[in-house]
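Okay, so here's the structure we're looking at.
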Amino acid sequence: MRASEALRIPYGLMSPRAAVLTPRADDFPRWYQDVVAKAELADNGPVRGTMVIRPTGYALWERMQAEVDARIKATGAQNAYFPLFIPESYLHREAEHVEGFSPELAVVTHAGGKQLEEPVVVRPTSETVIGEFMAKWTQSYRDLPLLLNQWSNVVRWELRPRIFLRTSEFLWQEGHTAHATEVDARAYARTILHEVYEDFVANVLAIPVVVGCKTKQERFAGATNTYTLESMMGDGKALQMGTSHELGQNFARAFQIDYLSAAGTQELAWTTSWGVSTRMIGGLIMCHGDDNGLRLPPRLAPTQAIVMVVKDDESAEVVAAARKLHEALQGAGVRSALDERVDIPFGRRAIDAELKGVPVRLEVGPRDLAEGNAVLVRRIVGDKTPITIEGAVAAVANALEDGQRALYEQALQRRQQHTADVDSLADGADAVATGWARVPWAVVRGDGELELAAQGVTVRCLVREDGGVPDNEDEPELVAYLARAY
RNA sequence: CGGGGUGUAGCGCAGUUUGGUAGCGCACUCGCUUUGGGAGCGAGGGGCCGCAGGUUCAAAUCCUGUCACCCCGACCA
């Protein structure tokens, strides 16, 4: 593998439609043609930069949904659904919110064959429309906290779409909650941040994260505090994997989300919102992909192990043995698949599984079977070892655990190697050529953030010296992470 | 909007300088041989050369105009 090629995985992937749909034949291995291109930026005329995800790509999203949804519900939130169309006037009720989103709104002016009296926007996010309903649903302090989540699509008319990272339409989960006190709201925003997002990204996606808060400049439009999870991709750039906001009483005020307290006084609620999106698929690929394709963390992988009939022999013993192995794996709770398509050349099937990132492959053929063996191929660490048929289930289970750990370790090591501690803006700007820089926030505050932005460098997040998550950017002794982003 | 570039088969491209029958690779179809790491050979199908006008016996190629798209910057889960 040449270093330049390793770096081209993310770049190729990130290139807009033309590059994604049209990889050069003899250039980078076909892996993103076969795997990543399973999602495409849709070419539907003037509707630019929306996304089409083919089944193999969507299976990843379904796994992410399942894992994230379970964690969200564990915090007590419930799923609900709200309208796709939002009256334009709703957005105008919160000044910063509308200012932040105006440039990227898709607005419907005509419907039912005539011009609408008031235009409606296609939701870019649902704080406003959900706020409208929360106001009706919170009468008493007994109604709080109100913990809602919805799985939906949203539309932001982006100037520069990039597959998975910034598409004009994307799928996500957006949570919206209302609380009686600021303390409750903050605690809940942080619960989501750590127990849902950090836990999922680190332990399921095997992607290490730095958890912190955004600067005022990078904050969500209308929020009083934005928390973020930042991960380093294979090329040293940073990607925001998820976010959780404290909205203070801004939206409560705009939408009259108030309630009668135990003391009998009318009080404004404190709200939060939080989300993760299909961007995580991009992050997964850019963080773990290698020259041979995708490497899926076993806990996420829709197919964890594939039992492959290498070659049929005349007695069909091989097929029978493979089936038995596959069933044994399923019985042991492994998401196993059986590939007995002996009419397709072995090489093609093996490489196909590799491209898709299936963590473990078990090759069963007449030669090995005669000795009571199969071949265990570990995609993540990249080795091949003969194992006994009897020990196969245990060996697969071990390989899955090892793979999960190895992916995380590799990503963490890369981040550590490419993160520099510096104490000036100039050194910080230099360091982000190859990775991240940690610099005292005091050095950056004020004009520093703008100076860096002029050089394409952003402050990804602020953390306390001990790695803790600060409540706001005014705490003393904070550390800023600098990086390039997509 | 500022700075670069590109439009030729489903995709990637050559051909344009110097005008002369529309090409290559991948993909697709059929046949035979293969099948323990992306198969080989043979035979096929597929084109308003972005669009409009002009020059010429003759235009993918030269001239004029026009449209679209892409890359870098401003936006962002």
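Any read-out appearing in this document is the output of simple, stated calculations on the displayed coordinates, not a laboratory observation. All figures in this text were calculated on a predicted structure; none of them were measured in a lab. Glycine also receives a Cβ, built like all others from the backbone with ideal geometry; neighbour counts cover every protein chain displayed.
The fraction of Cα-Cα pairs per 10 angstrom bin, counted from 0 for chain A, comes to 4, 18, 26, 25, 16, 8, 3, 0, 0 percent, rounded to whole percents.
Express in nm, to one decimal, how much length is gained between A:R348 and A:S261 on full extension, taking 0.36 nm for each residue of separation and deducting their alpha carbon distance. Please report the intermediate quantities before stating the final value.
Working: separation 87, 0.36 × 87 = 31.32 nm, distance 6.63 nm.
That pair, A:R348 and A:S261, stretches by 24.7 nm at full extension.
The 3J(HN,Hα) values that the Karplus relation (6.51, -1.76, 1.60; θ = phi - 60°) gives for the range A:460-477 are, in residue order, 6, 6, 10, 10, 6, 4, 7, x, x, 9, x, 7, 6, 7, 8, 4, x, 6 Hz. Gly and Pro appear as x. Could you give each residue of the range A:404-410 its phi-based ³J(HN,Hα) in whole Hz, using Karplus coefficients 6.51, -1.76, 1.60 with θ = phi - 60°, and x for Gly or Pro? With the stated coefficients, the range A:404-410 comes to 4, 5, 4, 4, 5, 4, 4 Hz. Close amide-amide hydrogen proximity is noted between A:T243 and A:G275, each under 5 Å apart and 5 or more residues distant or on a separate chain (H modeled in the peptide plane; Pro and chain starts excluded). Here the simple spin-label model places points 7 Å from the Cα toward Cβ, and for A:E118 and A:A426 these points are separated by 5.6 nm.
Across the range A:396-486, Cα pairs under 8 Å and at least six residues apart give a relative contact order of 27 percent.
Angle check, please: helix A:182-191 long axis (alpha carbons) against the longest principal axis of chain A (alpha carbons), in degrees 0 to 90, nearest 10. Approximately 10 degrees, to the nearest ten. Between A:Q217 and A:A59, the simple spin-label model (points 7 angstrom out along Cα→Cβ) gives 4.4 nm.
Local charge sum around A:V422 (other residues, Cβ-Cβ under 9 Å, Lys/Arg +1, Asp/Glu -1)? Let's see the in-between values first.
Working: positive: A:R438; negative: A:D421, A:D423, A:D427, A:D430.
With Lys, Arg at +1 and Asp, Glu at -1, the net is -3.
Give the peptides A:78-91, A:188-201 in descending order of average Cβ contacts within 10 Å, highest first.
Numbers: A:78-91: 15.9, A:188-201: 21.9.
Per-residue Cβ counts within 10 Å, averaged per peptide and sorted highest first, yield A:188-201, A:78-91.
Here the relative contact order of chain A, from alpha carbon pairs under 8 Å that lie six or more residues apart, stands at 14 percent. Principal-axis analysis of the Cα atoms of chain A puts helix A:279-288 at an angle of about 40° to the longest axis. Residues whose amide H falls under 5 Å from that of A:V307, counting only those 5 or more places apart or on a different chain, are A:A337, A:L338, A:D339, A:L362, with hydrogens built in the peptide plane.
Please compute the length gained on full extension between A:D312 and A:A80, using 0.36 nm multiplied by the number of residues separating them and subtracting their Cα-Cα distance.
On the way: separation 232, 0.36 × 232 = 83.52 nm, distance 5.07 nm.
Length difference between fully extended and current span is 78.4 nm.
Considering only alpha-carbon pairs that sit under 8 angstrom and 6 or more positions apart, the relative contact order computed for the range A:403-451 is 32 percent. I'd like the distance between the alpha-carbon centres of the range A:218-286 and the range A:47-79, rounded to an integer number of Å. The distance from the Cα centre of the range A:218-286 to that of the range A:47-79 comes to 18 Å.
When ranked by the protection proxy of mean other Cβ atoms within 10 Å per residue, highest first, what sequence do the peptides A:445-454, A:216-225 form?
On the way: A:445-454: 13.8, A:216-225: 19.3.
Final packing ranking: A:216-225, A:445-454.
Straight Cα distances below 27 angstrom link A:K237 to the lysines A:K38, A:K214, A:K216, A:K356, with same-chain residues fewer than 8 positions distant left out. Less than 5 angstrom separates the built amide H of A:Q249 from none of the residues sequence-distant by 5 or more or on a different chain.
Coupling constants for the range A:142-155 follow from the phi torsions by the Karplus curve (6.51 cos²θ - 1.76 cosθ + 1.60, θ = phi - 60°), and in residue order they are 6, 7, 10, x, 9, 10, 10, 9, 9, 9, 7, 10, 9, 10 Hz; glycine and proline get x.
The stretch between A:T388 and A:Q330, if pulled fully straight at 0.36 nm per residue, gains 19.1 nm over its current Cα-Cα span.
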